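Remarks on the structure that follows.
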Amino acid sequence: MDHANIAYDLVMVALSISLIVLGVVLFLACKKKPVESEETLPVKFCARAYPLMELDAATDGFNHRRIVGQGRLGTVYAATLSNAELVAVKRIHPFLVLSNAGFGFSSVLKWLSLAQHPNVVPIIGFSEAPKRFRIAAGVARGLQYLHEVVAPNIVHGCVKSSNVLIDVNFCARVCDYGLNFLAPMEKRGVVGYVDGEYWNERGGGATKESDVYGLGVVLLELLSGRGCEGGSLANWALPLIKEMSFGQVLDPRLVTPSDMSPLVRLAKVASACVGNPRKCRPSVAQVATILNDLEIQVSFP
């Protein structure tokens, strides 16, 4: 296995588990005085959903200095909510939730939060964050900078998942840009991520439009959890999207959300990127605008 395949596998592992990054607010760590009896307990409602951005702010971006414990389920952070309450936030390993998707994470947390006792830590809330939207928007913003901001503009040449690095905060960083001229007709690692026009002797090659095509393929990978497979991913996904069969495109390892509209919109954007000839494709700025909006929408339901 060469380095490109290893990088691809690592990125796809990150993408496949990135729908749910979990902050579970576990207990109020500061009380003016301990509760002495069950009769004095306040009325407790079911745990509520917290926007990921709120938990991110409460933990200073899940700062390692706030770590108070680590265990088999995840990492616990000391956090301060916007109302100044001191709490603990447990960030559960995403693969644990995905491997038990049938149980319904949010439903289980709401049920567990009903437990109330002076000697039992209360669960006051949880967060299920679709990180794939953050990755998609980050890739688009990176390409937009290359295409429209840096002078002279830079055409990436081969936008693909192995050329997207993801840090611990799921911030996507585009790499290997502008180097396509070194091997413009090399097909290894490129097939499936560039359009058919790329191979034309006249008017082909790497362009901003071919970069948008590659971005669309990456979006399909994020949606489906599948690899590019030499172009077969687009051939498989496009008819399903056109038939409005979005559930069949979605990664089966993910819990189908009650509101499918963000995923539907993401699928349509991907389709516009890969299903149109170059002259009819959206610009990367148009794609970035939509993906930025989707990122905000899913972060603040």
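The values are calculated or read from the model by the stated rules, or taken from the named source; none is laboratory data. Because the structure is a prediction, the values reported are computed rather than measured. All Cβ positions, glycine included, derive from the backbone under ideal geometry; neighbour counts span all protein chains shown. Ligands, DNA and RNA are stripped out before the accessible areas are found, and what is left, the full protein with its side chains, is counted by its heavy atoms. Shrake-Rupley method; radii C 1.70, N 1.55, O 1.52, S 1.80 Å.
Find the helices (runs of 4 or more DSSP H) located wholly in segment 215-298 whose residues include 3 or more that are within 19 Å of the chain's Cα centre (by Cα), free of Cβ contacts under 8 Å to residues at least 60 places away in the same chain and farther than 24 Å from Asp56 by Cβ, and list them. Spell out the reasoning first.
Values: elements: 232-242, 246-249, 261-274.
So the answer is 246-249, 261-274.
For Phe105, state whether it is closer than 27 Å to Cys171 by Cα and modelled with pLDDT of 75 or more.
Details: closer than 27 Å to Cys171 by Cα: yes; modelled with pLDDT of 75 or more: no.
No; evaluated as a whole, the condition is false for this residue.
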Number of positions in segment 120-133 that are modelled with pLDDT under 85 and either exposed (fewer than 14 other Cβ atoms within 10 Å of the Cβ) or not hydroxyl-bearing (Ser, Thr, Tyr) (or both): 5
Qualifying residue in segment 249-261 (condition: within 26 Å of Leu146 (Cβ to Cβ) and small (Gly, Ala, Ser)): no
Residue list for segment 273-295, filter: over 21 Å from Val149 (Cβ atoms) and open to solvent by 30 Å² or more (accessible area, probe 1.4 Å): Gly275, Asn276, Pro277, Lys279, Cys280
Top-ranked residue of segment 139-158 - restricted to ones that are open to solvent by 10 Å² or more (accessible area, probe 1.4 Å) and assigned to a loop (DSSP other than H, G, I, E, B), ranked as modelled with the lowest pLDDT: Cys158
From Tyr177, Tyr213, Tyr198, Tyr193, residue being among the hydroxyl-bearing types (Ser, Thr, Tyr) and open to solvent by 40 Å² or more (accessible area, probe 1.4 Å): Tyr177
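If you go through segment 217-236 one residue at a time, do you hit one that is farther than 25 Å from Cys175 by Cα and open to solvent by 10 Å² or more (accessible area, probe 1.4 Å)? Show your work before the answer.
Of all residues in segment 217-236, those farther than 25 Å from Cys175 by Cα come to 235-236.
Checking which are open to solvent by 10 Å² or more (accessible area, probe 1.4 Å) leaves us with 235-236.
Yes - at least one qualifying residue is present in segment 217-236.
In segment 50-93, what residues are among the hydroxyl-bearing types (Ser, Thr, Tyr), part of a loop (DSSP other than H, G, I, E, B) and open to solvent by 30 Å² or more (accessible area, probe 1.4 Å)?
Just the residues of segment 50-93 that are among the hydroxyl-bearing types (Ser, Thr, Tyr), to begin with: 50, 59, 75, 77, 80, 82.
Adding the requirement that they be part of a loop (DSSP other than H, G, I, E, B) leaves 50, 59, 82.
Correct list: Ser82 only.
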